[in-house]
Amino acid sequence: MDALFEAYRAELINKIEAKHEEDGVIKTGIPTLSFYYSKSTTEFATVIYEPSLCLVLQGSKAVILGEDNYSYDPSRYLLASIHMPSRVRIMEASDQKPYISLKLTFTMEDIFEVMKEIDTKPRVTSPTSPELGLCFGDMSVSIIDPLSRLVRLLDTPNNIKFMAPMIIKEILFHVMTDKGGDFLRKYLMDGSIVQQIVKVITKIKQDFAENLNMKELAKSYGMSESSLYHNFKKVTMLSPLQFQKTLRLEEARRMLLTQDLEATEIAFAVGYESPSQFSREYARMFGLPPKAYAKVAQDDPEGVA
């Protein structure tokens, strides 16, 4: 990386460190912008990426998708086009050099607005086959420059409402004219299988607590059951039922840590009919059954981070 890129990166690290109070997520005055700070490495944990641009500014992270392992550091960015369950681990972090990352979320409508202005001439497109819903690209000054300006806005809150949307649009413009552009366009091609799978993902996410009828789901989106299963797995690395289960368990974990509810109440709230099945699947995903997990979280919050 060149000197200018490193100067922007150092500026971002300093600004985030100034806002740091404790390890974990740091929310900001820009709703779609957040940071993450950790002085220690972690074990693999399940997360659900949402449509977003993610940068590691210091340290490194490992990502497991299905059977495949990836890693990224300040030289690369991660682009997620859908809600994508993954397993992640912070690989490099210390008191002297904490892990610091930045996430900017967006909607596909945001991307479509930028794409309309970039693609002034119709593109000749061929039928698009589904591919993994995450993409890695190389970091550059053209991306980190507007990101730095976006973070600087946090020092002048009165300017955020007017300036932030324009800077975010600029960031998405540079992503769309980079490797991420062709990747994201596949999710916006009208009538494509990829777009249909995105709609299915949105439907499952909205109604994750409801029973999933694969036959009806496939029919409502104009696919056979086998086509839905095959293409869904290409994009998310999970079957529709596995994807739904991951969403249920992540929501259960959130409720367990933030609400004073019994495990049985949570099980029913997220769509389980059997509390014992919920307990088994929770332990399989998070290492402990719900009650034990909640106790560890209460006694040692970092023990379940």
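The values are calculated or read from the model by the stated rules, or taken from the named source; none is laboratory data. These numbers come from a predicted model, not from an experiment. Please note: Cβ atoms are built from the backbone with ideal geometry, for glycine as well, and neighbour counts cover all protein chains shown. Areas reflect the complete protein model, heavy atoms only, side chains present, ligands, DNA and RNA absent. Shrake-Rupley method; radii C 1.70, N 1.55, O 1.52, S 1.80 Å.
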Quiz item: Mind checking which residues of the range 284-305 are surrounded by 13 or more Cβ atoms within 10 Å (Cβ to Cβ), at pLDDT 85 or above and under 23 Å from the mean Cα position of the chain (by Cα)?
Solution: MET285, PHE286, GLY287
Practice problem: Filter the range 194-224 for residues that are open to solvent by 90 Å² or more (accessible area, probe 1.4 Å), more than 19 Å from ILE82 (Cβ to Cβ) and without any contact (Cβ under 8 Å) to a residue 12 or more places away in the chain and give the result. | Solution: LYS215, GLU216, LYS219
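Looking at ILE201, ILE197, ILE266, can you tell me which residue is β-branched (Val, Ile, Thr) and over 25 Å from LEU65 (Cα atoms)?
ILE266
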Practice problem: Kindly provide the set of residues from the range 254-283 that are open to solvent by 60 Å² or more (accessible area, probe 1.4 Å) and among the small types (Gly, Ala, Ser), ordered by number. | Solution: SER276
Quiz item: Of all residues in the range 229-243, which are among the polar types (S, T, N, Q), within 19 Å of the chain's Cα centre (by Cα) and surrounded by fewer than 21 Cβ atoms within 10 Å (Cβ to Cβ)?
Solution: SER239, GLN242
Quiz item: How many residues are open to solvent by 30 Å² or more (accessible area, probe 1.4 Å) and modelled with pLDDT under 90 if we restrict to the range 49-68?
Solution: 3
Exercise. Evaluate the range 197-210: report whether one residue or more is among the acidic types (Asp, Glu) and part of a helix (DSSP H, G or I).
Key: no
Quiz prompt | When residues of the range 69-86 are limited to those that are in contact with a strand residue (DSSP E or B) (Cβ under 6 Å, 6 or more places away or on another chain) and part of a loop (DSSP other than H, G, I, E, B), the one surrounded by the most Cβ atoms within 10 Å (Cβ to Cβ) | solution = PRO74
Quiz item: Restricting the first residue to the range 69-93 and requiring it to be farther than 24 Å from TYR187 by Cβ, which pairs with a second residue that is open to solvent by 20 Å² or more (accessible area, probe 1.4 Å) and part of a strand (DSSP E or B) meet a Cβ separation below 6 Å and a spacing of at least six or different chains?
Solution: ILE90/LYS61
Quiz item: Filtering the range 164-181 down to residues that are modelled with pLDDT of 90 or more and open to solvent by 70 Å² or more (accessible area, probe 1.4 Å), which residue is nearest to THR32 (Cα to Cα)?
Solution: PRO165
